[in-house]
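The values are calculated or read from the model by the stated rules, or taken from the named source; none is laboratory data. Here the structure is a predicted model, which is why all the values come from computation and not from measurement. When we count neighbours, we look across all protein chains shown, and the Cβ atoms used for this are built from the backbone with ideal geometry, even at glycine. Surface accessibility is based on the protein's heavy atoms, side chains included, excluding ligands, DNA and RNA. Shrake-Rupley method; radii C 1.70, N 1.55, O 1.52, S 1.80 Å.
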Amino acid sequence: MATADNQSDIADASLADDGVRRIEWADQSMPVLESIRRRFAQERPLDGLRIGACLHVTAETANLVRTLQAGGAETSLCASNPLSTQDDVAAALVEVYGASTYAINGEDSEIYYDHIESVLNGRPHLTTDDGADLVSTLHTDRTDVIAGVMGGTEETTTGVIRLRAMAEQGVLKYPIVAVNEAMTKHMFDNRYGTGQSTLDGVVRATNLLLAGRTVVVGGYGWCGRGLASRAAGMGAHLIVTEVDPVRALEAVMDGYRVMPMQDAASVGDVFITVTGDKHVINRSHFEVMKDGAILANSGHFDIEINIEALEDMAEEVTEARPFVEEYRLPGGRRIFLLAQGRLINLASAEGHPASVMDMSFANQALALEHLAKNAHDMAPDVYDVSADIDRQVASVKLEAMGVAIDTLTAEQAAYLSGWQEGT
């Protein structure tokens, strides 16, 4: 439903009250972002700036938007995935918090990119992206807007990969901070958030008992590490597939079987991809999978599983249950694909727990503040989050959890900065 002033496109404005309850519930678990919001409200570091965001439209994201607004920013938000929008949250953002929002759960590709265009029509000074679709559109179809953009941030591994490629090829036109690379982002959001929410999505979609099943995890980055540990904790037998020898070795040392996907394909019961790459599960793998194999993806884009090849092989495709499609192959074998190969944790579940998004979005807010102050001195490139911001986020999180840590004594600090004292 588009509003009369065309400042939003949402499914149902009447859901706003439900969205507010969901947003306030999440806010209870986001003390770091809340503390930044209080400071922003006093200091107004984003006054006069327009921020264009392409993020998952969830309750946690709404609390980031509220924080940016408290800092003085005018925000415009669209979804970074067609299935990740919580329609009640989108309604609350528009009707209660006054944030221009363009997001409808289940929107098709055309509407998805129309919504990105709507955000860019606001001519943002800063961008914040999850997957780099906003930035790539800005650099291809909407170059008329680039001159007014000071800088941006990127939330996820897939987006950072794309942005580094743009920087290496010399086409990136403004500085972008890779929030995904912050230690307080990838070590917690990617590992604990993705690990828990992905399995939550798989179980909600299937009601499957994981204990005793063989789960194949494609990729052993931070997301893969978290996913494997949580699946193992639920009693599953784990197989990890990797292309990086160091990560593969780590998976072996962590107690998991490691093998090529072609070998894992014939023994796995559940396959979950978290690589950020294309066709990790391919036709040759479908050909040898067991009857009843279940496929899910928790990487940002729906390209990790070669769905076109699976469709080409199938004699019939039916909906087995919500978010579960049954592909019946010649000979009667069945392969079940969850959530159309899109992000399972956001499609059939609610995404990451608010307590981990608290740190990720705290990094987002502080990185945008940093860009507002310093972007004019930064060349077009991809930058890591500063160590100071990382430590600040971690310190506030620990304080909120009631956890105290040691501080260095003067003697210890002197020892660490010296070199003369030895054996």
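Among the listed residues ALA73, ALA41, identify the single one that is over 19 Å from the mean Cα position of the chain (by Cα) and farther than 19 Å from LEU138 by Cβ.
So the residue among ALA73, ALA41 that is over 19 Å from the mean Cα position of the chain (by Cα) and farther than 19 Å from LEU138 by Cβ is ALA41.
Here are VAL179, VAL202: which of them is touching a strand residue (DSSP E or B) at 6+ places or on another chain (Cβ under 6 Å) and closer than 14 Å to LEU295 by Cα?
VAL202
At least 3 residues that are closer than 23 Å to HIS186 by Cβ and open to solvent by 30 Å² or more (accessible area, probe 1.4 Å) in each: list the helices (runs of 4 or more DSSP H) lying fully within the stretch 212-303 that qualify.
Of the helices (runs of 4 or more DSSP H) lying wholly inside the stretch 212-303, those with at least 3 residues that are closer than 23 Å to HIS186 by Cβ and open to solvent by 30 Å² or more (accessible area, probe 1.4 Å) span 222-233, 245-253.
Here are PHE336, PHE323: which of them is open to solvent by 70 Å² or more (accessible area, probe 1.4 Å) and either more than 26 Å from the chain's Cα centre (by Cα) or in contact (Cβ under 8 Å) with a residue 24 or more places away in the chain (or both)?
Residue meeting the stated conditions: PHE323.
Does the stretch 97-108 contain at least one residue that is farther than 25 Å from ILE23 by Cβ and either at pLDDT 95 or above or not in a strand (DSSP E or B) (or both)?
Taking every residue of the stretch 97-108 in turn, at least one turns out to be farther than 25 Å from ILE23 by Cβ and either at pLDDT 95 or above or not in a strand (DSSP E or B) (or both).
What pairs come up if the first residue lies in the stretch 119-148 and is within 15 Å of LEU368 (Cα to Cα), the second is aromatic (Phe, Trp, Tyr), and their beta carbons are under 9 Å apart, counting only those six or more places apart or on different chains?
Filtered contacts from the stretch 119-148: THR127/TYR174.
Mind telling me which of the residues LEU310, LEU343 ends up being open to solvent by less than 30 Å² (accessible area, probe 1.4 Å), under 15 Å from the mean Cα position of the chain (by Cα) and not β-branched (Val, Ile, Thr)?
After applying the criteria, what remains is LEU343.
Residue-wise test of (1) within 17 Å of ALA367 (Cβ to Cβ); (2) touching a helix residue (DSSP H, G or I) at 6+ places or on another chain (Cβ under 9 Å); (3) assigned to a helix (DSSP H, G or I).
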{"site": "ILE23", "(1), (2), (3)": "no, yes, yes"}
{"site": "PHE40", "(1), (2), (3)": "yes, yes, yes"}
{"site": "LEU46", "(1), (2), (3)": "yes, yes, no"}
{"site": "VAL57", "(1), (2), (3)": "no, yes, no"}
{"site": "THR61", "(1), (2), (3)": "yes, yes, yes"}
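Are any residues in the stretch 63-76 in contact with a helix residue (DSSP H, G or I) (Cβ under 6 Å, 6 or more places away or on another chain) and outside any loop (DSSP other than H, G, I, E, B), and if so, which ones?
ASN63, LEU64, THR67, ALA70, THR75, SER76
Looking at ASP358, ASP390, which is the one that is assigned to a helix (DSSP H, G or I), more than 26 Å from LEU172 (Cβ to Cβ) and charged (D, E, K, R)?
Step by step, each of ASP358, ASP390 is checked, and only ASP358 is assigned to a helix (DSSP H, G or I), more than 26 Å from LEU172 (Cβ to Cβ) and charged (D, E, K, R).
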